[in-house]
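Bear in mind these aren't lab numbers, they're just calculated from the coordinates by the rules spelled out. Being a predicted model, the structure only gives us computed values, none of them experimental. Neighbour counts run over all protein chains shown; Cβ positions are idealised from the backbone, glycine included.
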Amino acid sequence: MDAVIVPEQKKEDWNEFVYNHPDTISWHIYEFHKVIEGSYKTTYYPLGVYRGDEICGILPLYHVRTLRTKDLLISCPYVVAGGIVADDDDVRKALLDKAISLSEKHNSCQIILKQYKRKNDLDLVTDENFYNRELNLNQSEEELWNRLSQKNQEMIREAETHDLVLEYPSNDVKGFYDVVFAQHHAKGIPCPGMKWIQSKWNFEDYSYKIALLKSRGETVSVTMAKQFKKTVSLPYSAMLKQDEKHEMFTYKLYWELIKRLSQEGIEIMHSGRIPNTDIVDAYRLGWGGVKNQYYYQYYPATCVQTEFAVKRGKKRQLFEKVWKRLPRGLVSLVGPAIVEQFP
């Protein structure tokens, strides 16, 4: 059993597997490579294993070259997941073997597999420091409300005393991006470029819909509803200002979207990637749901610098302090180039 590079003319085989397999996510779609390649310098290796005329396993692998790591092979760079999905362990091994052979052609570079829910039982280093919660939206509004934490309920009730309007779906990509950029800068984190956001919003194979919450005409909180099959996640959630009032507004934004998405027939809402320490914006917690693990796996097994280590080191903390103080014009210019170094 051997893995092959699935060519563009056979992408229907690939996408049939993606849409029918329960473990695939939106970034597994064959054409998503066009979004990544539109913003970042990568080479796409869509690895698949055939059983007869049908694909029984996939690995969307990308060759990336950064100043930090030189050559790197990574499954779905610049997003949080999208690793091996396969029917059995033999198929998983065939996919990894093919990835290793490609690594040898790229200076025997490191391989990173971004797995969700299923860990590959192979000779790999595994980082298990992140999780996601899946909230069942196939419930009544009362049932959804009763699953919220007491803090979430209190914040939503308080927000309802303010004059807030949900704009969803919105076409105001620039207004959305301005708030995302403002939050990144306030937190000392480089922001992806407008081109990256725009390319996702324009991608036709699954739906990114922008949601804006407005107070007296001003956008105070934003997110995206990324829909795939009957699930949704909320990437790029952000507040105009990093204070308690805008945090309260964001609880209201989430709650209004949860109700709307439930009415539209969406079955599962993902919390998005959260560290096991729960050190994230408070509004991302307390919505209920079943906890599932991310498994970031590294080849060769001698690798020691994991995703969690990169995002939580002392150097990162020092960088954030400096970045906050830099002028907006400079960080908007340099930020996307820095993001590119951390696929």
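In sequence order, the range 88-94 has phi-based couplings of 7, 5, 4, 5, 4, 5, 4 Hz under the Karplus curve 6.51 cos²θ - 1.76 cosθ + 1.60, θ = phi - 60°, and Gly or Pro positions carry x.
What Kirkwood hydrodynamic radius, in Å, does the range 225-343 give when the mean of 1/r is taken over all pairs of distinct Cα atoms and then inverted?
Working: mean 1/r = 0.0575 Å⁻¹.
Answer for the range 225-343: a Kirkwood hydrodynamic radius of 17.4 Å.
Pull up the cross-link candidates among the lysines for Lys252, meaning alpha carbon to alpha carbon under 24 Å and not fewer than 8 places away within one chain. Straight-distance partners of Lys252: Lys151, Lys174, Lys187, Lys209, Lys214, Lys226, Lys230, Lys241, Lys291. For Tyr295, the amide hydrogen comes within under 5 Å of the amide hydrogens of Gln115, Tyr116, Lys117, counting only partners 5 or more places away or on other chains and with H modelled in the peptide plane. Remark: the range 219-272 is approximated by an ellipsoid whose semi-axes, taken from the C-alpha gyration tensor as √(5λ), come to 22, 11, 8 Å, largest first. Protection proxy ranking of 181-190, 47-56, by the mean of other Cβ atoms within 10 Å over each peptide's residues and highest first, is 181-190, 47-56.
For the range 3-122, what ratio Rg/Rh do Cα atoms give with a Kirkwood hydrodynamic radius? Before the final figure, lay out each step's value.
Values: Rg = 13.3 Å, Rh = 14.2 Å.
On the Cα set of the range 3-122, Rg over Rh gives 0.93.
Just to be sure I follow: if Rg is taken over the C-alpha atoms of the chain and Rh is the Kirkwood radius over the same atoms, what is Rg/Rh?
0.96
For the chain, what is the relative contact order in percent, using Cα pairs closer than 8 Å and at least 6 residues apart in sequence?
Numbers: 629 pairs, mean separation 75.2, N = 343.
RCO, the chain: 22 percent.
Between beta-carbons, use under 10 Å as the cut-off and find the net charge around Ala86, counting Lys and Arg +1, Asp and Glu -1.
-2
Its Cα gyration tensor gives the range 132-292 an equivalent ellipsoid, and the semi-axes of that ellipsoid, as √(5λ) in whole Å with the largest first, are 22, 19, 16. Divide the volume of the convex hull around the Cα atoms of the range 74-217 by the residue count and you get 211 Å³ per residue.
In terms of surrounding Cβ atoms within a 10 Å radius of their Cβ, Ile274, Ile279, Ile58, Ile5 rank from fewest to most as Ile279, Ile5, Ile274, Ile58.
Are there any trypsin sites (Lys or Arg not before Pro) in the range 57-131 that are in a DSSP loop and have at most 13 other Cβ atoms within 10 Å? List them by number.
Working: sites: Arg65, Arg68, Lys70, Arg92, Lys93, Lys98, Lys105, Lys114, Lys117, Arg118, Lys119; in loops: Arg68, Lys117, Arg118, Lys119.
Sites meeting the loop and neighbour criteria: Arg68.
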